[in-house]
Amino acid sequence: MAGLCQILPRRSVHRYSLTLTLTVLLSCSYPALGKKKLYIGALFPMSGGWPGGQACLPAAQMALDLVNKRTDILPDYELELIHYDSMCDPGEATKLLYDLLYTEPIKIVLMPGCSSVSTLVAEAARMWNLIVLSYGSSSPALSNRQRFPTFFRTHPSATLHNPTRVQLFQKWKWTKIATIQQTTEVFTSTLDDLEERVKEAGIEISVRQSFLTDPAVAVKNLKRQDARIIVGLFYETEARKVFCEVFKEKLYGKKYVWFLIGWYADNWFKIKDPSINCTVEQMTEAVEGHVTTEIVMLNPETVRGASNLTSQEFLAQLMSKLGGKNPEETGGFQEAPLAYDAVWALALAFNKTVGPLKAKGHRLEDFNYNNRDITSEIYRAMNTSSFEGVSGHVVFDAQGSRMAWTLIEQLQGGSYKKIGYYDSTKGNLSWYGNDKYIQNSQPYLNNMTAVGCMMALAAVFPLGIDGLHVHRRQFPVICQFRLWLLGLGFSLAYGSMFTKIWWVHTVFTKKDEKKDKRKHLEPWKLYATVCVLLGIDILSLMIWQIVDPLHITVETDPSNFDFLAHGDLTCFFFCSKRNKHVVCLCSFPQVLCMITAPVTMILSSQQDASFAFASLAIVFSVYITLVVLFVPKMRRLITRGEWQSDAQETMKTGSSTNNNDEEKSRQLERENKELQKIIQEKEERVSELRNQLSERQALRSRRRASTVTNQNHSSPPIAITQSDPRSLAHPPGYPAPTSDPHPVPPTFTNSSSLYQPDSKISRNNCHTSRLQLLYK
């Protein structure tokens, strides 16, 4: 290019070539206009056990396109993704990792997917000074800075469920829990973490069961040991097996609370599974009421973060990029926001390192697999990441794991209902906005009651108007207005209350087969009942006004009789009894009407006293109604104790565990005796095998001694060949490995004494004392 720039001015060019000449000159004068590329090596599983790449790859590409268009983030660089299909298989991932590392161009960061692949990649990446950022790994084993010193993940660890569970245990004052798990690494490590956390919180794990494929024995043990609060850790297919056994053992209902993982499909218990022999109805009955905890992977708030997109806008763009595919049939759709935010975390971290690297005389494009300085700067930037993403607030803990919110749901009526959130960064447990307690009390009917009470209170003002304030001809209109206000107010307020109480009465007095239908009574029927009562009152008032309209005389104050006559239309008393719990509502106006009627007749000649007594009666009854109706709901909202009654019920049933301690102790003693017998038999068998082994060893020693005596000792020594130095050479293009600054746990550096050179176990020096160690 330099030579071309020197030649061009000496040539005579034509007019049509002027544009080309200017372009070349500009490229010679400004060679840095082009962006430098930074390459990211990624493994997206498009198939296998978790085909998360089907949605995560398009999400990552969306983030890359948006980052490369931004002028305020990495203006001199362009990110490019080089990706392969790992099939969520560590073996396949090993081959692909080799291709990524030993094929140009150099990758500055690695992005694996599922946990098994991330474990392999993250453990090997330290040897090439590479940062690893995973978008779909939840294994708690990856939260180990000694083993995985450069690992980060936007997918929270599976142990993030445990703080939420402990918070719920403490809120509901449960001191004993039970666990049942599938024997896999991810669930075992999760349960170990839960055990440490509950121990710190003063909670005891009284029963701990596990299974590999068949949970029947484990579920029976839970039933036998009277477990009530149970935490289940297993995959979706095993969950169906577990709850089929739960149904058979009757380990469900109000006496039991199950805690499960929340990332199952919403209809997981309705899927036909040939490995179980339970019907859908039986499974639905067994799983009803269980509580789930799930990591919040999509920001529930409508906020614009680093990408200037809300979570809903991101979903709309992702659906467009997927071409209308069904999200339920697209692998990794729930984790797609995590892959999107992973790319943004890398871009923001790279952008943060540009300044510090420039001060040290380095650039991002200078990165190679031996440059620890650039890796350290990227690590420091990743470790301090904090931004709003489409999956929520992105921040990493000391182990490189994502800190996120946890969603708490409960299966109610065959569908999951949100009941709360837990913020692990602040330790804040908040309940979902739509309070179940308020919903069950029919808020619209409560609003009608409040409006009716306000209308009744408004009737007090025209009740006290006299001739000093209005003309005599206006008195009939004011009396009629007062009458309609009081009448409609009472009908609207106490008609709504009557409707609700009548609904409760029908629920608790009908037969069991009709209860479920009554419990799901449509709201429009309640509103129609209120409208009927209100219509009857309006019709009565119209007939009254037409047939015998109100008029005023000097001798009579009709307000007293109006209040008395109309009060009888809407006063009622209702009482219902069910299961020793009395649900009773007594309308204060009915009682006050019985008192007000004779008093107003006595005080009819004394207008001030009559007005004062009638007004106080109205105000008192209205305010008592409002206090009784709304104060308990306000208190429930403030204290957030909407499930307290259920918790107390479970605690009462759970207290039977303490009452049965003696019986359980005797049962455990019997089991202990049986186990001791089995152990004794095994020990006798082991002792017999040891004797046989000692006899064989002695026989071999005698034979070897006789053979050595007959051999000729003058044979030449065996030559020891030295290994070729070329066979130990490092891969081409890479310098010899230096000492690793990252500390390695003793378990990986110190070998066992059985493998030390001075204490090798061979046929020549085997001893019975060492054999005991091997058998124990």
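Laboratory data are not the source of any read-out in this text; all were calculated from the coordinates shown. Computed from a predicted model, the values in this text were never measured in an experiment. Reconstructed Cβ throughout: ideal geometry from the backbone, glycine too, with neighbour counts over all protein chains shown.
Over its Cα atoms, what ratio of radius of gyration to 2.2 N^0.38 Å does region 109-219 give?
1.26
Given a Förster distance of 30 Å, report the FRET efficiency between Lys220 and Lys673 from their Cβ-Cβ distance, rounded to the nearest 0.05.
0.90
Kirkwood Rh and Cα-based Rg: tell me the resulting Rg over Rh for region 346-417, rounded to two decimals.
Radius of gyration over Kirkwood radius for region 346-417 works out to 1.25.
Taking the Cα centre of region 337-494 as origin, sum charge times position over the Cβ atoms of Lys and Arg (+1) and Asp and Glu (-1), and report the length of that vector in debye to the nearest 20.
Its charge dipole is roughly 420 debye.
How high is the FRET efficiency between Glu200 and Ala528 when r is their beta carbon distance and R₀ equals 41 Å, given to the nearest 0.05?
E between Glu200 and Ala528, to the nearest 0.05, is 0.15.
Over all distinct alpha-carbon pairs, what is the Kirkwood Rh of region 246-285 in angstrom? All intermediate terms of the calculation are to be shown ahead of the outcome.
Working: mean 1/r = 0.0866 Å⁻¹.
For region 246-285, inverting the mean 1/r across all distinct Cα pairs yields 11.5 Å.
To the nearest 0.05, what FRET efficiency results for Asn428 and Ile271 with a Förster distance of 51 Å applied to their C-beta separation?
Rounded to the nearest 0.05, the efficiency is 0.90.
Going highest first, how would you order 116-122, 191-197 by mean Cβ packing within 10 Å?
Sorting 116-122, 191-197 by mean packing, highest first, produces 116-122, 191-197.
With θ taken as phi - 60° and the coefficients 6.51, -1.76 and 1.60, list the Karplus ³J(HN,Hα) couplings across region 614-621 in order, rounded to whole Hz; mark glycine and proline as x.
5, 5, 4, 4, 5, 4, 5, 5
For a quick check: sort Asp397, Asp537 by the number of other beta carbons within 10 angstrom, fewest at the front.
So the residues, fewest neighbours to most, are Asp397, Asp537.
From the Cα trace of region 225-347, what convex hull volume per residue do you get, rounded to a whole Å³?
Each residue corresponds to 147 Å³ of Cα convex hull volume.
Once both labels are modelled 7 Å past Cα along the beta-carbon direction, what's the Thr183-Lys325 spacing in nm?
Inter-label distance under the simple model: 3.7 nm.
Could you give each residue of region 473-479 its phi-based ³J(HN,Hα) in whole Hz, using Karplus coefficients 6.51, -1.76, 1.60 with θ = phi - 60°, and x for Gly or Pro?
For region 473-479, the Karplus-derived couplings read 5, 8, 4, x, 5, 5, 5 Hz, x marking Gly and Pro.
Determine, at each q value in 0.16, 0.22, 0.28 (inverse angstroms), the log₁₀ of I(q)/I(0) that the Debye formula gives when each Cα of region 249-310 is one equal point scatterer.
Log10 I(q)/I(0), no solvent term: -0.68, -0.99, -1.26.
Could you pull out every residue, at least 5 positions away or on a different chain, whose amide H is within less than 5 Å of the one on Val296? Hs are placed 1.01 Å off N in the peptide plane, and Pro or chain starts have none.
It is Trp405, Thr406, Leu407, by chain and number.
Size of the dipole of region 184-247 about the Cα centre, Lys and Arg at +1 and Asp and Glu at -1 on the beta carbon, nothing else charged, in debye to 20?
On the way: 9 positive and 12 negative charges, 82 e Å.
Here the size comes out at about 400 debye.
I need the phi-derived Karplus couplings for region 233-250: 6.51 cos²θ - 1.76 cosθ + 1.60, θ = phi - 60°, integer Hz, Gly and Pro marked x.
Values per residue, Gly and Pro as x: 10, 6, 6, 4, 5, 6, 4, 5, 5, 4, 7, 5, 5, 4, 5, 5, 8, 6 Hz.
Express the Stokes-Einstein translational diffusion coefficient of region 30-104 in µm² s⁻¹, to the nearest whole number, given a Kirkwood radius over alpha-carbon pairs, 4 °C and a viscosity of 1.567 mPa s.
Working: Rh = 13.9 Å.
D, rounded to a whole number, is 93 µm²/s.
Measure off 7 Å from each Cα along the Cα-to-Cβ vector at Glu236 and Arg70, then give the distance between these two points in nanometres to one decimal.
So the two model labels end up 3.4 nm from each other.
What order do you get for 270-283, 211-224 when each peptide is scored by the mean count of other beta carbon atoms within 10 Å, highest first?
Averaged packing, sorted descending, gives the order 211-224, 270-283.
Under a point spin-label approximation (7 Å from Cα along Cα-to-Cβ), what is the Arg696-Lys417 distance to one decimal in nm?
6.6 nm
At 37 °C and 0.692 mPa s, grab the translational diffusion coefficient of region 341-464 from Stokes-Einstein with a Kirkwood Rh over Cα pairs, rounded to a whole number in µm² per second.
D = 165 µm²/s.
How much length, in nm to one decimal, is gained on full extension between Lys95 and Ala612, taken as 0.36 nm per residue of separation minus their Cα-Cα distance?
Taking 0.36 nm per residue and subtracting the Cα distance, the gain is 176.9 nm.
Could you work out Rg/(2.2 N^0.38 Å) for region 52-159, with Rg from alpha carbons only? Intermediate values should be presented prior to the final figure.
Values: Rg = 14.2 Å, N = 108, 2.2 N^0.38 = 13.0 Å.
Dividing the Cα radius of gyration by 2.2 N^0.38 Å gives 1.09.
Stokes-Einstein D for region 126-181 at 25 °C, 0.890 mPa s, Kirkwood Rh over Cα pairs, in µm²/s?
180 µm²/s
State, to one decimal in nm², a quarter of the convex hull surface area for the C-alpha atoms of region 290-358, i.e. the direction-averaged projected area. Write out the running numbers ahead of the final one.
Working: hull surface 27.8 nm².
So the Cα hull casts an average projection of 6.9 nm².
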